[in-house]
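Here's the structure we're looking at; comments come further down.
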Amino acid sequence: MTEEERLEKNNRISEKGKETRLRRQSQICRVFRVKIDFSHLNEFEKTQLKMIFVEAKWLYNDALAFSMSNEINKYDYKIITIHGFDKDKHHVTRELENLSSQMKQSVIQGIKHNIKSILAMKKHGRKIGSLKYKSNYESINLQQYGNTYKFCDKRHIKIQGIKRPIKIEGAEQFFDIPGIEFANAKLLNFPDGYYIAVTTFQNKVGEKRKYKPEIGIDMGIKTSITTSEGKKIKIFVGETKRLKKIQRRIAKRKKGSSNRYKMRKLLRKEYQKLENRKKDAANKIVNELLKHEKVYMQDENLFGWHKGLFGKAVQHSVLGAVKAKLIKNERVIVLPKNIATTKTCPRCGKVNKNITLSDRIFECSCGYKEDRDIHAAKNMILLSKLNQNTCGMQGINAFGEDVRRKHEQKCCNADLVELGSRNFYL
Ligand SMILES: [Zn+2]
């Protein structure tokens, strides 16, 4: 390629990028997950899929070792020979036979990106550890639709490096949406199977959605979420009996034994299931709440509640996820912590300081009486309107970034929400 041709090619790529970015502005980004049907793979393909992740791990660890030993040119990693250690800690060299060139690139890019962001955070004075070697590689970026991966039809996907199309489940969620575009995807290695998370773009629908009237919510220990309409949402996601059983059995196994390894694999699978249930519950609650025109809530310190039983902690982590999802939305208004939503009387405005956690009914000397949580939820709306300029978080996350703007520009991990769950009731 001559210098001129190269420049022209670069130009073409950047023009195309600009065009795409412009188009993306009028599109919504959604990520859908499909599952690989492992049972339909032949033995060779099963090993291949497994080895893709093992090789990615080798490559990652090799690249990390390089960047740690080269302070100055830590970004100049090139794949020459992959060094590693076998399980008896002997030095070995490894061949990458199953990773496609784009997958290799994405692993290396990933590590460079991580180093950069760690350095940036250090620069800003944040205390941050270093990158660690991986014993498990979980996610491989499939950069380019049509090249690294491609849908053959609703049931089959082609991945670079694997000969036959792979059977998948779950593409019905999005495959028939008119005008849908596919961007990058991620090949995921989860304890309960292999998945592909596909980033999609679809055009925004012009017509305005009809919302329900505004709502205030109160998060609490007794009932997880109380709304100003008087609904109480309880979250029932708990540690399963099976999880406890596996934990007990692991404790009895000898360290380093293959039995213990197998049990740990099972444990990871159970945790994955728990994680799925938590995510599902959070998604359903958020979806239900965002049907309202505006949602008022308070920036409550959920960490303080974590002490106590494990089951409680799980529910709080669901609440944490609900909160994190809500604050990203521009229709959610967050009140600062210091506003006394429970103690203020909405009728006379008096702040009743003597109310304690055990009082389930709010009672004021003016005669106003209401269930404590519903009262607090109603106050969220009222007091937000009184304190219009003191919106608490404004969608700022722990890194000081504006999550709301980021949310609009980039993508959210929006999964489809299915209603009518057994996890919660309204
Ligand atoms: Zn009063």
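Please treat every number below as a calculation from the coordinates, not as lab data. Since the structure is predicted, the reported quantities are computational estimates derived from the model, not experimental observations. As a convention, Cβ positions derive from the backbone with ideal geometry for all residues, glycine included, and neighbour counts pool all protein chains shown.
General remarks:
- Low-density loop cleavage sites - trypsin sites (Lys or Arg not before Pro) in segment 71-115, where at most 10 other Cβ are within 10 Å (DSSP): LYS78, LYS87, LYS89
- From least to most packed, judged by other beta carbons within 10 angstrom and beginning with the fewest, VAL205, VAL334, VAL318 follow the order VAL205, VAL334, VAL318.
- Once the Cα-Cα distance is subtracted from the 0.36 nm per residue extended length, the GLU45 to GLU229 segment shows a gain of 60.8 nm.
- Counted charge near LEU64, where neighbours are those whose Cβ lies closer than 11 Å (Asp, Glu -1; Lys, Arg +1): +4
- Think of each Lys and Arg Cβ as +1 and each Asp and Glu Cβ as -1; about the Cα centre, that makes the dipole of segment 133-208 roughly 280 debye.
- Largest GNM mean-square fluctuation across LYS254, LYS279, LYS167, computed for the chain with C-alpha springs under 10 Å, falls on LYS254.
- Rounded to the nearest 10 degrees, the angle from helix 258-289 to the longest Cα principal axis of the chain is 50 degrees.
- Placing unit charges on each Cβ (+1 for Lys and Arg, -1 for Asp and Glu) gives the chain a dipole about its Cα centre, and among GLY216, PHE175, LEU96 the Cα reaching farthest toward its positive end belongs to GLY216.
- Couplings for segment 62-70, taken from phi via the Karplus curve 6.51 cos²θ - 1.76 cosθ + 1.60 with θ = phi - 60°, read 5, 5, 5, 4, 4, 5, 6, 8, 10 Hz in order; Gly and Pro are left as x.
- Candidates ASP299, ASP88, ASP371: whichever shows maximal mean-square fluctuation once the chain is modelled as a Gaussian network with Cα springs under 10 Å: ASP88
- GNM result for the chain, Cα springs below 10 Å: residue of GLY220, GLY17, GLY349 fluctuating most strongly: GLY17
- Between segment 44-94 and segment 194-227, the Cα center-to-center distance that results, in Å: 41 Å
- Only helices enter this figure: runs of n ≥ 4 DSSP H residues, each worth -39500 (n - 2.57), summed and divided by the residues of the chain, yield -12500 deg cm²/dmol at 222 nm to the nearest 500.
- Total formal charge among the other residues, if their Cβ is under 13 angstrom from that of PRO213, Lys/Arg +1 and Asp/Glu -1: +3
- Overall form of segment 25-203 per C-alpha gyration tensor (a/c, 1.5; a/b vs b/c): oblate
- Database remark: amide H of LYS350 closer than 5 angstrom to the amide H of CYS345 (H placed geometrically; neighbours at sequence offset of 5 or more, or on other chains; Pro and chain starts carry no H).
- For the peptides 373-379, 352-358, the ranking by packing is 373-379, 352-358, with the highest mean count of neighbouring Cβ atoms within 10 Å listed first.
- Of all lysines in the structure, the ones whose alpha carbon falls short of 16 Å from that of LYS132, not counting any fewer than 8 places away in one chain, are LYS57, LYS74, LYS112, LYS116.
- Theoretical gain in end-to-end length, LYS89 to TYR271 [0.36 nm per residue, Cα-Cα removed]: 62.6 nm
- Protection proxy ranking of 32-42, 181-191, by the mean of other Cβ atoms within 10 Å over each peptide's residues and highest first, is 181-191, 32-42.
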